[in-house]
Each structure stands twice: as C-alpha cells, then as structure tokens.
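Any read-out appearing in this document is the output of simple, stated calculations on the displayed coordinates, not a laboratory observation. Just so you know, these numbers come straight off a predicted model, no measurement behind them. Cβ placement follows ideal geometry from the backbone for every residue including glycine, while neighbour counts extend to all protein chains displayed.
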Amino acid sequence: MAYAAFRSIGAYAPSKILSNEDLAKMVDTSDEWITKRTGIKERRIAEDGEFTSDMGAKAAQIALERSGIDKSKIDMIICATISPDYFCMPSTAAIISTKLGISNATAFDISAACTGFVYVLSIAKAFIESGMKKNILVIGAEKLSAITDYTDRGTCILFGDGAGAAVVSATEDKNEAIIDVHTGADGTFADLLMSPNGGSGSAHDTLEQEATSCFMQMKGNETFKVAVKTLTKDVVDILRDNSIDSSEIKHFVPHQANLRIIKAVGEALGMSDEQVVLTVEKYGNTSGASIPMAINDIYESGRLQAGELMLLDAFGGGLTWGSALVPFAPLQK
Ligand code: UT7
C-alpha cells in the first residue's frame, strides 16, 4: 500500500511590514491593546501588484527545491486560499502551476479558511493512498490585505499576507506516513466569520453600492470562545484515536490566530512551551498560510528534524476545523 509522506516545507513572506504603531495611525487602537489581546506585533503586506499566486509560487518553488523531487513529477497542485487571485476562475493553483513551469498536473483551490492547509493535507493523503497520485504540491497562500477592512479595528489588526507550501509524496515506508488527518465543518456558525458579499448570495445592487462588499467581518469574541473549545477537542480526539500521548509530539503547530487562544489551548492540553510553535507575533493571522509558514519557521531555525512528529491544529471560517499527525519525512536527510 502507498502511504503519504510530508517531504519538505517552504514559505514566503512579503518584505513590507505593517506594525501595530502603523495601525494605531489608521484606526483607534494601540500597540499595547493589540499586543495584550492578540500577541501580534506586526504582519506582512503584499505589494499592490503582488498576487496570492505570486506568493504561493515562491513558497512552492522553495518546497520543491528542498524536496529533491523534480517538478516534472508533480501530478497535483492544491491551493488553500480565501483570497484567490480571481474569485471565480481561474483557480490560484492553476496560475501557480504555470508560474512554476508545471504542466499537466491536476490543479484546484479549496476554501476552508484558516483550516485550509489541514484540508489540503487530507486530500493529498487520500489521493496518494488511493494510488491515484504520487507527488502533490500543497499550498496555503493568502493576500488577506486585499479583503481586510482597514477602517474596522476589530479585524484589521489581525490579518497579514504570506504563503507556505509542502511536497507530499508516496512512500512504502509506514514510518514516514502522515498518520492521520481529521477535518470537520459546521455551517450553523457561518455568520461568526464571513465575507458577506461578492458571491452568488449577494444582490447586484449591494455590490454596486458597497466598495467594501468583499471584506471580512468577524464576531471576534464569540469566535474566540468557539476557537479555544474546538482546537482543544480536535487534539484530544486525534491523539485518542491514534493512541498517541501528547508527550510524543515534538512540535505542536496551531493556527496562528491569537496568542491568547494558542496559550489557552496549549495549557488545556498540557503542552510545554518548547512544544508549541509560535509565529503570530511577526506574521499575525495569515489564514490558510499560517500553519505552513509556522512549519517553515521551525525548519529554517533548525528546530525541525527528520522523523520528528508534528501535530497541526486549525480552526477558521465556515466554521471549519482540523488536525493532523505528521512526521517530517524529508528524502534528503
Ligand atoms: O482565524 C480564524 C479564527 N479567528 C479567531 O480565532 C479570532 C478570534 N478573536 C480574537 O482574536 C479576539 O476576539 C479579538 C482580538 C478580535 C478581540 O479581542 P477581545 O478580547 O475578544 O475583545 P472584544 O471584541 O471583546 O472587545 C473588547 C473591547 C471593546 O470595547 P468595549 O465595548 O469594551 O468598550 C472593543 O470595542 O475592546 C475594543 N476593541 C479594541 N480596542 C482597541 C476591539 N478591537 C480593538 C482594537 N483596539 N483593535
């Protein structure tokens, strides 16, 4: 049987920094408030002409090079994004494939907000285990600045831009295999976090009247409470189902939404500070890109070694949630 191995990681963050001090000049907020309530100090912002696909392609190029797998062998590209280059078509994944010089690979986007990267991992795992695909490029890429309302202090302080990518490929070695991926969704909470207009659910006159019609809106405090509960349950469930103890997790990589959420979840699960991966301070919330950017952070700082077990945990608009038990299995050790 074929198993799916997580071979490599790459990421890209735009160079432009939007600091808390910058935001305090734009809305009624302060560095002190943002730091205390979110742990975020700054976030990256893409240039006007820099699209989600540009960032995704840069992250993917790095992941490809680090994988040691030739791009001609990539047979599927999946991009998790809520800020695609174009809302209907073509898919950002298809554009990325062309930017990478990859032809004939299946390419599509998925929309699962901040849980997007865990969703694409589950899809990649299923395609590889079924034998339908062998080498899959999975990407989380977001230009959230394009859908952020910079007059709304409840949301604009949170979000940033960036991309992360990984190569998942077939292996016969069960020790290298992604152990399990759990995903779920509950649309009854859809209104907690949404971009209410711009799709087929919005009236044409709304689109004409509202320049801000596609911007994200969030009921922050309610989302916060559901996030802590859901993220904790995700981990308890996946560890129990796989008879794994939390002490066996080398790197706990939660979605980077808010330091207080991450701390509350880490404490509820008894995770030590060494286990919990944090990038929220420097990148803010990059939705589908947040988990692969965080994995790249531990890789580039030399903390992620071959064979180490990562536990990914995400939560986002939809509502969606997911967790994954992923050993790092590079071909080049
Ligand atoms: O990635 C997907 C999942 N997303 C999340 O998980 C995000 C979850 N939510 C959050 O991270 C937090 O709810 C926020 C950071 C968005 C807000 O923090 P909070 O502690 O929940 O604050 P709050 O919404 O309860 O607001 C408390 C007060 C309010 O003022 P009053 O009514 O008490 O006078 C807000 O108007 O803080 C005010 N406030 C702000 N003040 C200064 C809200 N945003 C700001 C701000 N600066 N940026």
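Details
- Potential extension, residue 47-residue 103 segment - 0.36 nm per residue separation minus Cα distance: 17.4 nm
- Calculated [222 nm] ellipticity per residue, helices only, for the chain: -9500 deg cm²/dmol; basis is -39500 (n - 2.57) per DSSP H run with n ≥ 4, divided by all residues, nearest 500.
- Cα→Cβ-extended label distance, 7 Å offset, between residue 172 and residue 15, nm: 4.8 nm
- Within straight-line cross-link reach of residue 174, lysines at Cα separation under 16 Å, skipping those fewer than 8 residues along the same chain: 125, 134
- When you restrict to C-alpha pairs under 8 Å that are six or more residues apart and normalise by the size of the range 202-333, the relative contact order lands at 27 percent.
- Based on Cα contacts under 8 Å between residues 6+ apart, the range 115-197 shows a relative contact order of 32 percent.
- GNM on the chain, alpha-carbon springs under 10 angstrom: the most fluctuating residue among 252, 215, 315 is 215.
- Each part reduced to its alpha carbon centroid, the range 150-196 and the range 59-131 end up 14 Å apart.
- From most to least packed by mean Cβ count within 10 Å, the peptides 219-227, 58-66 give 58-66, 219-227.
- Reachable lysines, given that their alpha-carbon falls under 29 Å from the alpha-carbon of residue 16 and they are not under 8 places away in the same chain: 25, 36, 41, 58, 99, 143, 219, 263, 282
- Our summary gives the chain a relative contact order of 27 percent, counting only alpha carbon pairs under 8 angstrom and 6 or more residues apart.
- Around the Cα centre of the chain, unit charges on the Cβ atoms of Lys, Arg, Asp and Glu (plus for the first two, minus for the last two) sum to a dipole of about 540 debye.
- Straightening the chain between residue 247 and residue 72 buys 59.1 nm, computed as 0.36 nm per residue apart minus the Cα-Cα spacing.
- Calculated from backbone phi, Karplus (6.51, -1.76, 1.60) coupling profile of the range 175-191 in Hz, x at Gly/Pro: 5, 8, 6, 4, 6, 6, 9, 10, 9, x, 7, 8, x, 5, 9, 4, 6
- Scanning residues 5 or more positions from residue 276 or on other chains, those with amide H under 5 Å from its amide H are 252, with H placed 1.01 Å from N in the peptide plane.
- Pairwise Cα distances in the chain exceed 37 Å for 11 percent of all pairs.
- Within the listed set 284, 198, 56, the Gaussian network model of the chain (springs between alpha-carbon atoms below 10 Å) gives the highest mean-square fluctuation for 198.
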